[in-house]
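Just below is one structure, and these are the notes that go with it.
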Amino acid sequence: MKKAKSELNDWGRPEYKRSELGKLVRGKYFKRLRQATNVVVLEPEVAKAFPTDQAVNKALRSLMSAKRTAPKRAAKSKIKNQTEKTHAA
């Protein structure tokens, strides 16, 4: 019967020795990876509505264009003053 390979020794070729490879550094490339990628995790119900990345991009682009063409709203303080005047009358 063959012995199962040990997981500790199953990381590379036999001629490589872990002790000769130097110290491991956790997160060594984290900043570089973070700058090179743009990953957004969607909530499950949102992911169901947008099954592909193209669908998400299309929806976001239409939202951006709608925001650009929408008329600007009055400031909240102006609206609050107007509603107070109408309720006082």
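The values are calculated or read from the model by the stated rules, or taken from the named source; none is laboratory data. Bear in mind the structure is a predicted one, so any value in this text is a computation, not a measurement. A quick note on method: Cβ atoms are made from the backbone with ideal geometry, for glycine too, and the neighbour counts reach across all protein chains shown.
Hey, could you check segment 63-89 for residues that are of a type outside the set (D, E, K, R) and assigned to a loop (DSSP other than H, G, I, E, B) and say which is modelled with the lowest pLDDT?
My answer is ALA89.
Of the conditions (1) at pLDDT 90 or above; (2) of a type outside the set (Ser, Thr, Tyr); (3) surrounded by 10 or more Cβ atoms within 10 Å (Cβ to Cβ), GLY12 fails just one. Which one is it?
(1)
Which residues, taken from segment 35-62, are part of a helix (DSSP H, G or I), among the aliphatic types (A, V, I, L, M) and surrounded by 10 or more Cβ atoms within 10 Å (Cβ to Cβ)? Talk me through it step by step, then tell me what you get.
First pass over segment 35-62, keeping only residues part of a helix (DSSP H, G or I): 35-36, 44-49, 53-62.
Filter again for among the aliphatic types (A, V, I, L, M), leaving 36, 46-47, 49, 55-56, 59-60.
Within segment 35-62, VAL46, ALA47, ALA49, ALA55, VAL56, ALA59, LEU60 qualify.
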